[in-house]
Amino acid sequence: MRRRLLALVCVSTALVSACGPLSGGTGGRQTVTVWLMKDSASQDFLHRFTEDFEHTHKDLRLDIRIQEWTGIGPKVQEALSGGAKDGPDVIEVGNTQVAQYVEGGRLTNLTLESMRDWGMQDWVPGLAEPGQDNSAQYGIPWYAANRVVVYRKDLFEEAGIDSPPRTRDEWLSATEKLDKGGNQGIYLAGQDWYTLSGFIWDEGGELAKENANLWQGALDSRAALRGMDFYRRLQALGEGPVGADEEHPPQAGVFAKGKVAQIVAVPGVAQAIVQKNPALKDKLGFFPVPGKSADRPGSVFTGGSDLIVPRNTGDRDAAVAVVAALTGAKWDTELARTMNYVPNKTTLASAVAGEPGVAAMAAGAAHGRATPSTAQWAAVEADNPIKQYMTKVLKGADPKTEARRASQRITEQLKPSLG
């Protein structure tokens with residue numbers, strides 16, 4: 001899930017691809033092993049960070065090892081269980097993955113540091129909340145990315161739309177004006193459940209709710225149904241396939257053909273669009289997904305990474321020092337500028353204000369959310385009843401009936417494993 005969201009965000013051309021250490025340290029220091037994911041940070045950033053960290057921590061040496069996303073789950077689980085040789089002291093994980101790693105008490109509780117030293121009250125919610133378990137903080141927010149509206153500035157101007165919409169009603173009105181003359185007002189695939197999630201959250205609904213430590217699907221609530229109804233109305237103002245998601249076909253390719261006014265995507269998709277159609281280079285703009293009122297953008301699914309510290313680390317203080325440095329204001333904003341990410345705190349949004357796409361992302365991230373914080377959520381995505389529900393509604397089925405069926409299926413998939 002997280003790989004899909006971030007795949008088009010990375011903009012560095014000199015990314016780390018090796019799995020060996022990056023270090024400028026010498027002997028006589030305590031080694032701190034850090035696992036970071038491929039493409040999360042550029043090689044130049046990592047070298048600069050390592051040099052600075054080792055300069056300010058004379059007793060520590062960094063051993064940064066780059067990992068592939070493919071197959072990382074079992075590898076992390078082995079490391080947490082103590083089975084990995086030269087195991088890591090700090091690990092980067094997807095924000096929605098923390099729940100599956102926290103089970104069994106194998107992560108270090110970082111609540112005290114988060115409250116006392118790291119300003120957790122300002123963290124981007126979509127990163128911070130998935131890192132919690134029973135009010136304890138295990139995952140420390142590092143960087144975020146989320147969807148915005150990518151639009152054709154020239155088509156907006158031709159339709160007499162002077163500025164991007166700020167409310168849902170304005171968005172519908174503008175999209176209706178754009179959906180003419182052979183153009184699609186918006187290309188929105190019928191199974192883009194990440195975008196639907198934001199509409200549901202804006203209405204006060206949830207994908208699933210926890211009650212007495214048991215999770216239940218919640219698509220059939222009145223609030224969630226209102227979110228689906230808005231999705232239906234918006235999706236109808238284009239020709240997105242009702243039986244497919246945004247990757248089938250890839251919406252960047254559809255947009256590049258020149259007949260689409262808007263898509264909902266991470267800003268990095270603009271690069272793919274321009275590669276396919278260079279004539280659109282100066283015609284693309286970005287704005288946050290509109291909310292119900294003009295005073296705040298809409299809720300969005302937030303992807304990104306948290307940093308965790310295994311309980312079996314050989315040096316808790318050293319691991320905490322690395323986390324503090326990587327997620328602190330200095331290096332977190334530097335990473336955001338380098339990689340076009342959203343910083344881990346809403347108070348750092350000004351650091352990326354100069355890049356329109358990232359600025360739009362940061363505005364949305366302030367109201368970002370993540371999927372339900374349960375290790376069983378992976379089972380929901382594996383055979384996604386939300387997608388099936390959306391397609392049936394868009395084909396004319398009764399929303400209440402289909403929402404009830406999908407919610408029941410989600411409840412079954414979220415039952416704790418007895419194995």
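The values are calculated or read from the model by the stated rules, or taken from the named source; none is laboratory data. Bear in mind that the values here come from a model prediction, so they are computed numbers and not experimental data. Here Cβ is always computed from backbone atoms with ideal geometry, including for glycine, and neighbour counts include all displayed protein chains. Surface accessibility is based on the protein's heavy atoms, side chains included, excluding ligands, DNA and RNA. Shrake-Rupley method; radii C 1.70, N 1.55, O 1.52, S 1.80 Å.
Would you check if there is a residue in region 387-401 being in a helix (DSSP H, G or I) and of a type in the set (Gly, Ala, Ser)? Within region 387-401, none of the residues are in a helix (DSSP H, G or I) and of a type in the set (Gly, Ala, Ser).
Here ALA252, ALA319 are screened, and the one residue that is within 30 Å of ARG29 (Cβ to Cβ) and buried (at least 23 other Cβ atoms within 10 Å of the Cβ) is ALA319. Report yes if ASP133 is at pLDDT below 95 and either out of contact with any helix residue (DSSP H, G or I) (no Cβ under 8 Å at 6 or more places or on another chain) or of a type in the set (D, E, K, R) (or both), otherwise no. Yes, satisfied. All conditions but one from (1) buried (at least 17 other Cβ atoms within 10 Å of the Cβ); (2) touching a residue at least 40 places away in the same chain (Cβ under 8 Å) apply to GLN137; the one that does not is (2).
In region 115-134, the qualifying residues are those that are without any contact (Cβ under 8 Å) to a residue 40 or more places away in the chain and surrounded by fewer than 24 Cβ atoms within 10 Å (Cβ to Cβ), and the one that is nearest to LYS38 (Cα to Cα) is MET120. Checked against the criterion of being out of contact with any Leu (no Cβ under 9 Å at 6 or more places or on another chain), surrounded by fewer than 18 Cβ atoms within 10 Å (Cβ to Cβ) and modelled with pLDDT under 95, the candidates ASN211, ASN277 yield just one match: ASN211. On the stretch given as region 337-356, residues that are surrounded by 24 or more Cβ atoms within 10 Å (Cβ to Cβ) and aliphatic (A, V, I, L, M) total 1. When the criteria are applied in full, ALA294 fails the requirement of being in a helix (DSSP H, G or I) and at negative phi. Considering the conditions (1) of a type in the set (Gly, Ala, Ser); (2) within 26 Å of GLY303 (Cβ to Cβ); (3) touching a Lys or Arg at 6+ places or on another chain (Cβ under 9 Å), ALA99 is excluded by exactly one of them, (3). Scanning region 133-155 for residues that are under 19 Å from GLY328 (Cα atoms), within 16 Å of the chain's Cα centre (by Cα), assigned to a strand (DSSP E or B) and not hydrophobic (A, V, I, L, M, F, W, C) gives PRO141, TYR143. Residues in region 289-314 that are of a type in the set (Asp, Glu) and open to solvent by less than 50 Å² (accessible area, probe 1.4 Å): ASP306 alone.
Going residue by residue through region 357-370, is there one that turns out to be open to solvent by less than 10 Å² (accessible area, probe 1.4 Å), of a type in the set (D, E, K, R) and either touching a helix residue (DSSP H, G or I) at 6+ places or on another chain (Cβ under 8 Å) or on the phi > 0 side of the Ramachandran plot (or both)? Among the residues of region 357-370, not one is open to solvent by less than 10 Å² (accessible area, probe 1.4 Å), of a type in the set (D, E, K, R) and either touching a helix residue (DSSP H, G or I) at 6+ places or on another chain (Cβ under 8 Å) or on the phi > 0 side of the Ramachandran plot (or both), which makes the answer no. Filter region 91-101 for residues that are open to solvent by less than 30 Å² (accessible area, probe 1.4 Å) and either touching a Gly at 6+ places or on another chain (Cβ under 8 Å) or of a type in the set (Lys, Arg) (or both) and give the result. Matches in region 91-101: VAL93, GLY94, ASN95, VAL98. Might you check whether a residue that is in contact with a strand residue (DSSP E or B) (Cβ under 6 Å, 6 or more places away or on another chain) and at pLDDT below 95 occurs anywhere in region 102-117? There is at least one residue in region 102-117 that is in contact with a strand residue (DSSP E or B) (Cβ under 6 Å, 6 or more places away or on another chain) and at pLDDT below 95. Return yes when TRP201 is under 22 Å from LYS292 (Cβ atoms) and either open to solvent by less than 50 Å² (accessible area, probe 1.4 Å) or touching a residue at least 12 places away in the same chain (Cβ under 8 Å) (or both) and no when it is not. It is true that TRP201 is under 22 Å from LYS292 (Cβ atoms) and either open to solvent by less than 50 Å² (accessible area, probe 1.4 Å) or touching a residue at least 12 places away in the same chain (Cβ under 8 Å) (or both). Under 30 Å from GLU246 (Cα atoms) and assigned to a helix (DSSP H, G or I), is that true of GLU129? So GLU129 fits the description; yes.
Results for (1) under 23 Å from ALA370 (Cβ atoms); (2) touching an Asp or Glu at 6+ places or on another chain (Cβ under 6 Å); (3) not aliphatic (A, V, I, L, M), shown as yes or no for each residue.
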position	(1), (2), (3)
GLY205	yes, no, yes
ALA223	yes, yes, no
TYR231	yes, no, yes
GLY238	no, no, yes
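Scoring ALA261 on the criteria (1) closer than 25 Å to ILE386 by Cα; (2) aliphatic (A, V, I, L, M); (3) in contact with an Asp or Glu (Cβ under 9 Å, 6 or more places away or on another chain); (4) surrounded by 18 or more Cβ atoms within 10 Å (Cβ to Cβ) leaves a single failure, condition (1). Which residue, of ARG106, ARG48, is charged (D, E, K, R), touching a helix residue (DSSP H, G or I) at 6+ places or on another chain (Cβ under 7 Å) and either surrounded by fewer than 21 Cβ atoms within 10 Å (Cβ to Cβ) or free of Cβ contacts under 8 Å to residues at least 24 places away in the same chain (or both)? Just one listed residue meets the conditions, ARG106.
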